[in-house]
There are 2 protein chains.
Amino acid sequence: MNLILLFPEDIDAQGRARLAGRRLKHVLGVHRANPGDELVVGMVNGAIGSGRVTEISGTGMTMELSFGSRPPEPPLLTVILALPRPKVMRRVLFSLTVLGVKRIVLINSFRVEKSYWQTPFLQDEAVRTQLVLGLEQAKDTVLPEVLVRKRFKPFVEDELASMTRGAVPLLSHPYAGQLCPRGVEGAITLAVGPEGGFIPYEVEQFRGAGFAAVTLGDRILNIENALPALISRVR
Amino acid sequence: MNLILLFPEDIDAQGRARLAGRRLKHVLGVHRANPGDELVVGMVNGAIGSGRVTEISGTGMTMELSFGSRPPEPPLLTVILALPRPKVMRRVLFSLTVLGVKRIVLINSFRVEKSYWQTPFLQDEAVRTQLVLGLEQAKDTVLPEVLVRKRFKPFVEDELASMTRGAVPLLSHPYAGQLCPRGVEGAITLAVGPEGGFIPYEVEQFRGAGFAAVTLGDRILNIENALPALISRVR
């Protein structure tokens, strides 16, 4: 936790923050905070600052807050991702948040197993947990938007064009002939397939929407490596 | 498993491969292989080819082999890494193998907890398991070399110079002023610190050995994201 992410409900009438539960445990156990210490804090979707610890008890901790800086600029990047299996999806939501992606679209694909859509990890609360952990890691405050689209064809036909407008649309495809470009200027929409890749019909749909199929080389990266590798390369 | 990695002990006197155990289970359960199918195989530290399934029983599977291509060219990259906590280390060994790194050096640092050195995940067999899984994922055959150096100072004084000779030495440091360069030509030696970073004394030792401190930006990446992001950027 490189930043304590605060929510409006953490703030009392005097403008002080009160922590309990998971965050308290972490601040006491890992940061070993004492009264007087200054900790890095951020208001959700807001500024970054510091919290001076004024009181610690077994059930809570109080901090006086001051805010002075803005969260890091996000890369202009939308990631469209075929829904990974549940355990991987949790890690991927965390990772994409750490990497600064502010719009994540989880879509269906022929090679996505139907059962994946039933996972409790897709419920709002579970998704939000990973996003919060990601912001705490990255020292950021801006929650990504996560869109879930269970039907491939309506998504491609009705929404894909608006998501790529003004952006460079790239499709990560292990067997593409073209190497992924470096340091692309401006906004990017990056589509990434499931294990085994998008099927030819799906690739054609993306191509039809203007996506260029690109690869990182001969190695087949797992999704947890492919996402940071792709994002770091294009930004 | 995008490639079945074969070892000399898998090959019988007629040059056929016989699989059992984990690999058999995967090939039957995930690939749903049948007699006559062709599967991608590779000899450890050797060529890539195909295995035609000739026989399947409950306890084993036999394949006729032919080899025709070389494993992907590895990036000329040595990664020196402060030992992460055990669970992370397992994933990191897997990831670095997937990313094609062929020399991994695990070192001590002030912020590495002593207990991490006791983990069973550092034992040869456990390390090798992650390397094999990584090669199977990446479609590669060449096992990385993993060096374990439990003492920081002797490592820096006696070995670091030889590891950086002829290479561009880069130290990943979240608070460095200089952005990590892109697409560096030639060999690279990349040093990456523990959670919380190397302490100033350690940073000075690396600087003294010619390392330039570089960063990926304002976000604090966890090691699982930082490694693919760094490697993809410099290669």
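Which numbered condition trips up residue B:182, out of (1) among the basic types (Lys, Arg); (2) surrounded by fewer than 18 Cβ atoms within 10 Å (Cβ to Cβ); (3) within 26 Å of residue B:90 (Cβ to Cβ)? Unmet condition: (3). Taken over region B:12-27, the criterion of being free of Cβ contacts under 8 Å to residues at least 12 places away in the same chain and under 27 Å from residue B:102 (Cβ atoms) is satisfied by B:21, B:22. Which residues, counting only those in region A:195-214, are away from chain B (no Cβ under 14 Å), closer than 25 Å to residue B:30 by Cα and open to solvent by less than 40 Å² (accessible area, probe 1.4 Å)? Result: A:198, A:199, A:202, A:203.
More than 24 Å from residue A:198 (Cβ to Cβ), at pLDDT 95 or above and out of contact with any Asp or Glu (no Cβ under 9 Å at 6 or more places or on another chain), is that true of residue A:124? Reasoning before the result, please.
Details: more than 24 Å from residue A:198 (Cβ to Cβ): yes; at pLDDT 95 or above: yes; out of contact with any Asp or Glu (no Cβ under 9 Å at 6 or more places or on another chain): yes.
Here the answer is yes, as residue A:124 does meet what is asked.
Here is the figure for region B:101-139: residues that are assigned to a helix (DSSP H, G or I) and in contact with a strand residue (DSSP E or B) (Cβ under 7 Å, 6 or more places away or on another chain) total 5. Is it true that residue A:50 is open to solvent by 60 Å² or more (accessible area, probe 1.4 Å), free of Cβ contacts under 8 Å to residues at least 40 places away in the same chain, small (Gly, Ala, Ser) and not in a loop (DSSP other than H, G, I, E, B)? It is false that residue A:50 is open to solvent by 60 Å² or more (accessible area, probe 1.4 Å), free of Cβ contacts under 8 Å to residues at least 40 places away in the same chain, small (Gly, Ala, Ser) and not in a loop (DSSP other than H, G, I, E, B).
Quick grid of which residues meet (1) within 21 Å of residue B:97 (Cα to Cα); (2) of a type in the set (Lys, Arg):
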{"site": "B:7", "(1), (2)": "yes, no"}
{"site": "B:10", "(1), (2)": "no, no"}
{"site": "B:29", "(1), (2)": "no, no"}
{"site": "B:32", "(1), (2)": "no, yes"}
{"site": "B:39", "(1), (2)": "no, no"}
{"site": "B:43", "(1), (2)": "yes, no"}
{"site": "B:47", "(1), (2)": "yes, no"}
{"site": "B:55", "(1), (2)": "no, no"}
{"site": "B:59", "(1), (2)": "no, no"}
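One residue stands out in region A:220-230 among those that are hydrophobic (A, V, I, L, M, F, W, C) and surrounded by fewer than 24 Cβ atoms within 10 Å (Cβ to Cβ): the one that is farthest from the other protein chains (Cβ to nearest Cβ), namely A:223. Just one of the numbered conditions (1) free of Cβ contacts under 8 Å to residues at least 24 places away in the same chain; (2) within 14 Å of chain B (Cβ to nearest Cβ) is not true of residue A:217: (1). Applying the criterion of being in a loop (DSSP other than H, G, I, E, B) and open to solvent by 60 Å² or more (accessible area, probe 1.4 Å) to the residues of region B:3-29, the residue that is nearest to residue B:134 (Cα to Cα) is B:16. Checking each residue in region A:90-113 for being within 13 Å of another protein chain (Cβ to nearest Cβ), open to solvent by less than 10 Å² (accessible area, probe 1.4 Å) and closer than 18 Å to residue A:235 by Cα picks out A:96, A:97, A:98, A:100, A:101.
Would you confirm, using the coordinates I've provided, whether residue A:142 is open to solvent by 10 Å² or more (accessible area, probe 1.4 Å), closer than 30 Å to residue A:15 by Cβ and in a loop (DSSP other than H, G, I, E, B)?
On the way: open to solvent by 10 Å² or more (accessible area, probe 1.4 Å): yes; closer than 30 Å to residue A:15 by Cβ: yes; in a loop (DSSP other than H, G, I, E, B): yes.
Taking the combined requirement at face value, the residue satisfies it.
Every condition in (1) touching a helix residue (DSSP H, G or I) at 6+ places or on another chain (Cβ under 8 Å); (2) closer than 15 Å to residue B:19 by Cα is met by residue B:51 except one, and the failing one is (1).
Can we say residue B:80 is surrounded by fewer than 22 Cβ atoms within 10 Å (Cβ to Cβ), in a strand (DSSP E or B) and under 19 Å from the mean Cα position of the chain (by Cα)? Here the answer is no, as residue B:80 does not meet what is asked.
The values are calculated or read from the model by the stated rules, or taken from the named source; none is laboratory data. No experiment lies behind these values; they were computed from the predicted model shown. Because the Cβ atoms are built from the backbone with ideal geometry, glycine has one as well, and the counts that use them run over all protein chains shown. Areas reflect the complete protein model, heavy atoms only, side chains present, ligands, DNA and RNA absent. Shrake-Rupley method; radii C 1.70, N 1.55, O 1.52, S 1.80 Å.
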